[in-house]
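The values are calculated or read from the model by the stated rules, or taken from the named source; none is laboratory data. Note that the structure is predicted; figures quoted are calculated from it, not measured. When we count neighbours, we look across all protein chains shown, and the Cβ atoms used for this are built from the backbone with ideal geometry, even at glycine.
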Amino acid sequence: MINTTKDRLCNSPVFDRYCLIFFIVLLSFFTAAPGHTTVSEYQLQINFFFDSESIPNKQVSGYRLYREDSEACLSTQVEPQQQSIECAITCEPGTYNFTLSVLFGDNTESPKSPPFPYTLALTGDVSGDGKVDLKDVITGLQVISGIRPSQLNLAGDVNKDGRIGLAEVIYSLNNT
């Protein structure tokens with residue numbers, strides 16, 4: 001019988017629980033490229049309330065969404081009693097301040113709404129650092145093995161099952 005390093009370490013009661021983690025992390029160390037931040041497209045649905053009757057003699061012609069004071073989306077599809085718009089935004093993951101304004105038929109615009117912070121998460125970024133890298137593999141493996149990581153980003157959930165598990169570890173390994 002050939003006795004490999006894996007057999008010697010994994011048959012020890014001290015290392016038994018962490019054997020899989022050790023070898024995946026070791027493999028990742030030699031194969032993983034540096035982490036990268038990815039510009040992604042995010043589909044947002046913005047829900048709001050605007051009483052168009054509160055501004056007499058103005059016809060609503062659209063809505064404008066701003067991200068950090070720069071226009072992010074323009075919606076010109078207006079329906080009576082509309083309370084949401086959908087926008088596609090391309091940017092890096094992170095937390096941004098968004099504001100919304102109303103456009104009127106006379107080419108004027110309402111003041112912007114108060115800012116509302118929103119986090120756009122990168123799929124697979126379970127560590128929450130804005131990139132998919134070895135740290136996400138380690139964080140996922142910690143969760144699987146019952147170790148509570150110091151930082152966990154549930155928005156990085158790959159398969160949208162509401163949990164961090166093997167799917168996120170495999171995704172992170174494949175996208176590092």
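Taking each residue of the range 37-60 that is basic (K, R) and looking for partners that are at pLDDT 85 or above with beta-carbon atoms closer than 6 Å, six or more apart or interchain, yields K58/F104. Among the candidates T90, T119, T176, T95, the residue that is within 27 Å of V39 (Cβ to Cβ), touching a Pro at 6+ places or on another chain (Cβ under 7 Å) and not hydrophobic (A, V, I, L, M, F, W, C) is uniquely T95. Among the residues here, S52 does not qualify as hydroxyl-bearing (S, T, Y), exposed (fewer than 11 other Cβ atoms within 10 Å of the Cβ), at pLDDT below 90 and more than 26 Å from D136 (Cβ to Cβ). If the requirement is being among the hydrophobic types (A, V, I, L, M, F, W, C) and in a loop (DSSP other than H, G, I, E, B), which of these qualifies: L122, L65, L103? Being among the hydrophobic types (A, V, I, L, M, F, W, C) and in a loop (DSSP other than H, G, I, E, B) holds for just one of L122, L65, L103, which is L122.
Look at (1) surrounded by fewer than 18 Cβ atoms within 10 Å (Cβ to Cβ); (2) without any contact (Cβ under 8 Å) to a residue 40 or more places away in the chain; (3) acidic (D, E) and you find that E109 fails only one, number (2).
Contact annotation: residue pairs with Cβ atoms under 9 Å, 6 or more positions apart or on different chains, pairing a residue in the range 148-169 that is in the same structural domain as I138 (by TED's automatic domain parsing) with a partner that is surrounded by fewer than 11 Cβ atoms within 10 Å (Cβ to Cβ) and in a loop (DSSP other than H, G, I, E, B), are L154/G162; A167/D161.
Hey, does the range 85-108 have a residue that's touching a helix residue (DSSP H, G or I) at 6+ places or on another chain (Cβ under 6 Å) and hydroxyl-bearing (S, T, Y)?
No; the residues of the range 85-108 include none that is touching a helix residue (DSSP H, G or I) at 6+ places or on another chain (Cβ under 6 Å) and hydroxyl-bearing (S, T, Y).
With respect to T90, is the statement that it is part of a strand (DSSP E or B), in contact with a strand residue (DSSP E or B) (Cβ under 6 Å, 6 or more places away or on another chain), surrounded by fewer than 13 Cβ atoms within 10 Å (Cβ to Cβ) and modelled with pLDDT of 90 or more true? When the stated conditions are applied, T90 passes them.
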